[in-house]
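Rule-based calculations on the coordinates, nothing more; no lab input. None of the values given here were measured: they were computed from a predicted structure. Cβ coordinates were reconstructed from backbone atoms using ideal geometry, including for glycine residues, and neighbour counts include every protein chain displayed.
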Number of protein chains: 2
Amino acid sequence: MSDGKQQKQGGAPQTAITPTREQNYAEWYQQVVRAADLAENSPVRGCMVIKPWGYAIWENMQRALDRMFKETGHRNAYFPLFIPLSFLQKEADHVEGFAKECAVVTHHRLKPGPDGKLIPDGELEEPLIVRPTSETIIGATFAKWVQSYRDLPLLINQWANVVRWEMRTRLFLRTAEFLWQEGHTAHATEAEAVDETMKMLRVYETFAQEWMAMPVICGEKTEGERFPGAVRTYCIEAMMQDRKALQAGTSHFLGQNFAKASGIQFQSKDGVQEHAWTTSWGVSTRLIGGMIMTHADDDGLVLPPRLAPAHVVILPVIQKPEMAEQVLGWCRALAKELSSVSFAGEPVRVEIDDRDIRGGEKAWTWIKRGVPIRLEVGPRDIEADSVFCARRDRGHKEKSAVKRGDFVGGVAALLQEIQDGLLARAVAHRSANTRSIDTEAEFKAWFAAPAVAEGQPTPMHAGFAMTHFCGDPAIEERIKDELGVTVRCIPIDGDAEPGTCPFSGRPSARRVVWAKSY
Amino acid sequence: MSDGKQQKQGGAPQTAITPTREQNYAEWYQQVVRAADLAENSPVRGCMVIKPWGYAIWENMQRALDRMFKETGHRNAYFPLFIPLSFLQKEADHVEGFAKECAVVTHHRLKPGPDGKLIPDGELEEPLIVRPTSETIIGATFAKWVQSYRDLPLLINQWANVVRWEMRTRLFLRTAEFLWQEGHTAHATEAEAVDETMKMLRVYETFAQEWMAMPVICGEKTEGERFPGAVRTYCIEAMMQDRKALQAGTSHFLGQNFAKASGIQFQSKDGVQEHAWTTSWGVSTRLIGGMIMTHADDDGLVLPPRLAPAHVVILPVIQKPEMAEQVLGWCRALAKELSSVSFAGEPVRVEIDDRDIRGGEKAWTWIKRGVPIRLEVGPRDIEADSVFCARRDRGHKEKSAVKRGDFVGGVAALLQEIQDGLLARAVAHRSANTRSIDTEAEFKAWFAAPAVAEGQPTPMHAGFAMTHFCGDPAIEERIKDELGVTVRCIPIDGDAEPGTCPFSGRPSARRVVWAKSY
């Protein structure tokens, strides 16, 4: 990793990240994560270390989501990390879905082995699974908490770590351990549980669009992509810059499946013993991967202001040591003043980078970290009572002098302008790469073509095909095998224009979203 | 569990919690946790479920501590849940300390066994330990992050779950899984690492006293109670109402032990390759147990206002249904007004309990949950523009009418008065049960005596003996065996008056704190 900017080579455009998105998207992603100091692989297979800058983004996501969960009546609680094997087995589809990728605790201490090295000892009577998700253990608890219809609805959320033993991992997008929240609710009626499922899907949609500046399509999953044990799974799907889809959050209507498996029963108003209706819903640190692949560019991370750990970074320009105190004093006063301004309900977050390194290297640190606004402040700016301002959503050379008072007065509006601009750009990208396709031939041609521009080693993918589908799982399976393309979701918004499935000729209620996906 | 108040029986004083503290302290504790809806045992051995009211207290603790950590320059990050066995073994004392109580992951999937039931499959080449603490895995990461003295100090904190396979568990006080924070820092010099160790000990002291209203003694642990692998362990020790000591937080100076084990090296200003000096420090959900045992009474939990999920609960008194809207409307307006008042830097937190149940039962819910202030509001109060106010730190029958405006204007001061009063009461309790003891005979008599008042089935313990000690581990071991009493800490504050160890006759630098402990 270079500390600063790549040098111009053979006339190619300069970029801070090598390779560029066009050269090798997967490797570009890893290099952005690295250059922005977000996370790294750990010595433990598949587990990541989330570094302070990456974790600060997660904290901002958590704070915004947690507020939305509480405003919709949910309360946080905490349930055990371990799930007894017998609990996982209570719901047949559920255990089937997770059996192949779970960490199993079999012993509870260590003892010296024959060669003196420590080996597992104290075998457990029943193995414990490190939670891949908590429906079964929370269900067992809900069964104790719920007696009467008066105890419903029960609206609980948990912030936790979970483990799914993935063989191929990628920082944030797919890791053996990840951080997430899992909402679990129980209701007296099917209708209330369905309402809850949709309400939380909409909370995710709002968060994705308003905080992450990432447009999403809300829809239902087909059977093959359904959560193990769910009756219906809903999701938000986003298009990444390489035109692949990312499932960014899911909300499951679980019917009475888990209530029956766990014995969540209540006495209704009429005195009848009934099973509750449950839901679960979650988003994870995967969102950080989605944010990167939606906004970052060939110079590194681009942060939507609402999630940025720092909104503004001040870079003091000190040519002569004797100027240091004056410049730093002015910068500190400016930082304090900016912190008293409110953006999106929180104080503007400001950092001052007073490290004793070259100005260019310093600026590139923050470009690669994606901070929305950079301010260079030197003696001449102070004399003119102005700051030299650059926006991360514009070219790195585009800078302009702004009067200090104007900048302070306009900083919240500027941050919102950047936030809105990022969303608009992502919406435009998705529109440009979404196509209504009505024949199998066109569908195949679009997805099969190596959509490679001249000299691009990495093919960019086709995009979203809006194509009718009869719903036959065998057809979906075949297309997945042939083209690596799946139904990302059956949208729940927009016109449900009926038509004909081009793969079967059978009727279709509406176009669905087909794409390659992460 | 009774929903309300115990009925008077045989003239005994009424209490909401049965048994009382005097009758059976250990059982009283469990019943307070239960009556306040804080936590419960889970189906997983030794693991607890933290219920919403308990978790909300933890969130308040987290928020206050997190702010203090950030104000002292620390940043949050996240490290893997699993620690490869070989990592744990890098520091000899460390693995020795944790080998007997760790959850061991040996397999990464499940397969159907001979009888069709699932059994562990996919044995790992190297077993993974579910972190009991993270010095070794964080040390391995720090070794990559630290190259030069410019990378130091490295000041990191992690909020996480950890697992220590305790055989005898007690909600909050000792559980197999618990939530905590663990700070991990690396420094260029021994002096800086020692400073950090002490600084974070003082952060814990401030938190305990100002937020929890729990007085603590800051001191150093003796060798026998030192953290496995540490050079010196410092702690905050509090006296519970049964006069036993609770270790409420620890801060470890690790010297270069873990830096050497993990290879945390840096190039000094002089170009010399050196090992870093590290520290670690942590507090956990155990603090909730300490808060309970410091303040709760025979009617249930008593919350220090700064940690209360609700500062004020409004109990609408609605005798006739037709009054409901007027009363509730008035209560909602009052709640809104109170929320605009600031207490300890945050908005006053208000709940309205509009459940359709008896007024007595309703009030007792909140008494048992420990809410600092209860307001009863009925039509007559509204007519008089006043509220009927009760404080949780006073007897439950002690209520007074206060003009609405006076209450709103004075609520922050009242909460601070309650906060201060709880601390003063706890300080007085500790003073009354701390004794300077200078002879072995008196020491033994004090600790051996079953300090039972007439008719008390549960002996209350003696308290803190301030007694000289020469530091001989054999003596400490003997006293522990004979009396169940240990050195809780060697205080670092107050007069270090030299004297003579009554157990050995040898010189002693200062009195130390002896007590029975949790």
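Grab the other residues whose beta carbon is less than 9 angstrom from that of B:W159, score K and R as +1, D and E as -1, and report the net.
Details: positive: none; negative: B:D66, B:E182.
Around B:W159, the charge tally is -2.
List the residues, sorted by chain then number, that are 5 or more residues from A:A401 or on another chain and whose placed amide H is less than 5 Å from its amide H.
Answer set, sorted by chain and number: A:C389.
Quickly rank A:105-114, B:125-134 as a protection proxy: mean count of other C-beta atoms within 10 Å, highest first. Don't jump to the answer; show the numbers that get you there.
Values: A:105-114: 17.2, B:125-134: 21.1.
Ranked from most to least packed, the peptides come out as B:125-134, A:105-114.
Give me the base-10 log of I(q)/I(0) for region A:316-409 at each q in 0.11, 0.17 Å⁻¹, Debye formula, one uniform scatterer per Cα, rounded to two decimals.
-0.30, -0.76
Which value in nm describes the separation of the simple spin-label points at A:K403 and B:Q319, placed 7 Å from the Cα toward the beta carbon?
6.7 nm
Going toward the positive end of the dipole of region A:305-430, with +1 on Lys and Arg Cβ and -1 on Asp and Glu Cβ, which of A:P321, A:A412, A:H396 do you reach last?
Checked the options; the winner is A:H396.
For each of A:C102, B:C235, count neighbouring Cβ atoms within 10 Å of the residue's Cβ, then give the residues from fewest to most.
Final ranking by Cβ density, sparse to dense: B:C235, A:C102.
Determine the dipole magnitude for region B:29-295: charges of +1 sit on the beta-carbon of Lys and Arg, -1 on that of Asp and Glu, nothing else is charged, the reference point is the Cα centre, and the result goes in debye to the nearest 20. Don't skip to the end; give the middle numbers.
Details: 29 positive and 32 negative charges, 122 e Å.
With Lys and Arg at +1 and Asp and Glu at -1, about 580 debye.
Percent relative contact order of chain B, based on C-alpha pairs within less than 8 angstrom and at least six residues apart? Spell out each step's value before the answer.
Details: 1058 pairs, mean separation 74.9, N = 518.
Relative contact order of chain B: 14 percent.
Exceeding 21 Å between C-alpha atoms, which entries from my cross-link table qualify? They are B:K368/B:K399; A:K199/A:K516; A:K90/B:K117; B:K90/B:K144; A:K269/B:K320; B:K90/B:K260.
Values: B:K368/B:K399 17 Å; A:K199/A:K516 27 Å; A:K90/B:K117 12 Å; B:K90/B:K144 17 Å; A:K269/B:K320 23 Å; B:K90/B:K260 9 Å.
Over 21 Å apart, Cα to Cα: A:K199/A:K516; A:K269/B:K320.
Provide the FRET efficiency to the nearest 0.05 for the A:E126-B:A448 pair, computing r from the beta carbons and using R0 = 51 Å.
Numbers: r = 43 Å, r/R0 = 0.85.
So the FRET efficiency works out to roughly 0.75.
With all distinct Cα pairs included, what does the Kirkwood hydrodynamic radius of region A:277-353 come out to in Å, to one decimal, could you say? Working shown, then result.
Values: mean 1/r = 0.0646 Å⁻¹.
About 15.5 Å for region A:277-353.
May I ask you to report, in nm to one decimal and beginning with the shortest, the distances from B:K70 to the same position in the other copies, taking label points 7 Å along Cα-to-Cβ?
1.4
May I have the pair-distance distribution P(r) for region A:175-296, computed from all Cα-Cα distances with 10 Å bins from 0 and rounded to whole percent?
Percent of pairs per bin, in order: 14, 40, 29, 13, 4, 1.
Over region B:231-292, what is the mean sequence separation of C-alpha contacts under 8 Å (at least six apart), divided by residue count, expressed as relative contact order in percent? Write down the numbers at each step before the final one.
Values: 94 pairs, mean separation 19.5, N = 62.
Reported relative contact order: 31 percent.
Hey, got the average number of other protein chain Cβ atoms within 10 angstrom for residues in B:39-45?
Numbers: counts 2, 3, 0, 8, 11, 11, 8.
Neighbouring Cβ atoms belonging to other protein chains average 6 per residue here.
Using a cut-off of under 11 Å, list every residue of region A:53-70 whose amide N is near the label point 7 Å from the Cα of A:T206 along the Cα-to-beta-carbon line.
Residues A:65, A:67-70 fall inside that zone.
Could you quote the convex hull projected area for chain A, Cα atoms only and averaged over all directions, in nm²?
Numbers: hull surface 124.0 nm².
One quarter of the hull surface, i.e. the mean projection, equals 31.0 nm².
If you take each beta carbon of peptide B:95-101 and count the beta carbons of other chains within 10 angstrom, what is the mean?
Working: counts 2, 0, 0, 2, 6, 6, 4.
Mean partner-chain Cβ count within 10 Å for B:95-101: 3.
Against the empirical 2.2 N^0.38 Å scaling, what ratio does the C-alpha Rg of the protein assembly as shown come to? Before the final figure, lay out the partial values.
Details: Rg = 30.8 Å, N = 1036, 2.2 N^0.38 = 30.8 Å.
Taking N as the residue count of the protein assembly as shown, the ratio is 1.00.
Sorted by mean Cβ packing within 10 Å, highest first, what order do the peptides B:318-327, A:504-513, A:221-230, B:169-178 take? Could you put the intermediate results ahead of the total?
On the way: B:318-327: 12.8, A:504-513: 17.0, A:221-230: 19.0, B:169-178: 21.8.
Averaged packing, sorted descending, gives the order B:169-178, A:221-230, A:504-513, B:318-327.
Taking a point 7 Å out from Cα toward Cβ as the label site, list the nm distances between A:G224 and the same residue in every other copy, smallest first.
6.6
I'd like the distance separating the alpha-carbon centroids of region A:236-296 and region B:34-49, in whole Å.
After rounding, the separation between the Cα centres reads 25 Å.
Give me, ordered by chain and number, the residues 5 or more places off B:C489 or on other chains with an amide H under 5 Å from its own placed amide H.
HN-HN under 5 Å from B:C489: B:V513.
To the nearest 20 Debye, how big is the dipole of the protein assembly as shown about its Cα centre, given +1 on the beta carbon of each Lys and Arg and -1 on that of each Asp and Glu? Walk me through the intermediate numbers first.
Details: 124 positive and 136 negative charges, 81 e Å.
My answer is approximately 380 debye.
As a test of the formula, what do you get for chain B when each DSSP H run with n ≥ 4 contributes -39,500 (n - 2.57) and the sum is divided by the residue count, at 222 nm and rounded to the nearest 500 deg cm²/dmol?
On the way: 14 runs with 167 residues, N = 518.
Counting only the DSSP helices, I get -10000 deg cm²/dmol.
Can you grab the distance from the C-alpha centre of region B:69-120 to the C-alpha centre of region A:489-512, Å, no decimals?
Region B:69-120 and region A:489-512 have Cα centres separated by 48 Å.
Once the other residues with Cβ under 13 Å from the Cβ of A:K111 are scored (Lys, Arg +1; Asp, Glu -1), what is the net sum? Mind showing how you got there, number by number?
Values: positive: A:R109, A:K117, B:K100; negative: A:D115, A:D121, A:E123, B:E96, B:E101.
Net of charged neighbours comes to -2.
Please list the equivalent ellipsoid semi-axes of region B:105-223, computed as the square roots of five times the alpha-carbon gyration tensor eigenvalues, in descending order and whole angstrom. List each step's numbers first, then the result.
Numbers: eigenvalues 269, 114, 24 Å².
Semi-axes, largest first: 37, 24, 11 Å.
Can you give the FRET efficiency to the nearest 0.05 for A:K144 and A:M198, using r as the Cβ-Cβ distance and R₀ = 22 Å? Don't skip to the answer; put the middle values down first.
Values: r = 28 Å, r/R0 = 1.27.
Working from the Cβ atoms, E equals 0.20.
Placing unit charges on C-beta atoms (Lys and Arg positive, Asp and Glu negative, everything else neutral), compute the dipole magnitude of chain B about its Cα centre in debye, rounded to 20. The partial results should precede the final answer.
Numbers: 62 positive and 68 negative charges, 163 e Å.
For this selection, approximately 780 debye.
Mind checking region B:277-356 for trypsin sites (Lys or Arg not before Pro) that DSSP puts in a loop (not H, G, I, E or B) and that have at most 14 other Cβ atoms within 10 Å? It would help to have the intermediate numbers written out before the result.
Details: sites: B:R286, B:R306, B:R332, B:K336, B:R349, B:R355; in loops: B:R349, B:R355.
When the trypsin sites (Lys or Arg not before Pro) of region B:277-356 are filtered for loop state and at most 14 Cβ neighbours within 10 Å, B:R355 remain.
Other chains near A:143-149: what is the mean number of their Cβ atoms within 10 Å of each residue's Cβ? Let's see the in-between values first.
Working: counts 0, 4, 4, 0, 0, 0, 0.
Partner Cβ neighbours, averaged per residue: 1.
If you average over every viewing direction, what projected area does the convex hull of the Cα atoms of region B:29-295 give, in nm²?
16.0 nm²
Return the Cα extents of region B:70-129 along principal axes one, two and three, sorted largest first, each rounded to a whole Å.
Over region B:70-129, Cα extents along the principal axes are 57, 28, 19 Å.
With a point put 7 Å past each Cα toward its Cβ, work out how far A:D115 is from B:E71 in nm, to one decimal.
Output for this residue pair reads 5.3 nm.
Where the centroid of each part is defined by its Cα atoms, how far is region B:392-422 from region A:133-157 in Å?
Using only Cα atoms, the two centres lie 36 Å from each other.
Express the relative contact order of region B:29-295 as a whole percentage, based on alpha carbon pairs under 8 Å and six or more residues apart in sequence. Could the numbers behind the result be given before it?
On the way: 520 pairs, mean separation 52.3, N = 267.
For region B:29-295, the relative contact order is 20 percent.
For region A:409-518, run through the GluC sites (Glu not before Pro) and keep only the ones in DSSP coil with at most 16 other Cβ atoms within 10 Å of their Cβ.
Details: sites: A:E417, A:E440, A:E442, A:E454, A:E476, A:E477, A:E482; in loops: A:E454.
When the GluC sites (Glu not before Pro) of region A:409-518 are filtered for loop state and at most 16 Cβ neighbours within 10 Å, A:E454 remain.
How big, in percent, is the set of alpha carbon pairs in region B:434-515 lying more than 14 Å apart? Working shown, then result.
On the way: 2053 of 3321 pairs.
Value for region B:434-515: 62 percent of Cα pairs lie more than 14 Å apart.
Taking the label point 7 Å from Cα in the Cβ direction, how far apart in nm is B:E27 from each other copy of itself, listed shortest first?
Sorted ascending, the copy-to-copy spacings read 7.1 nm.
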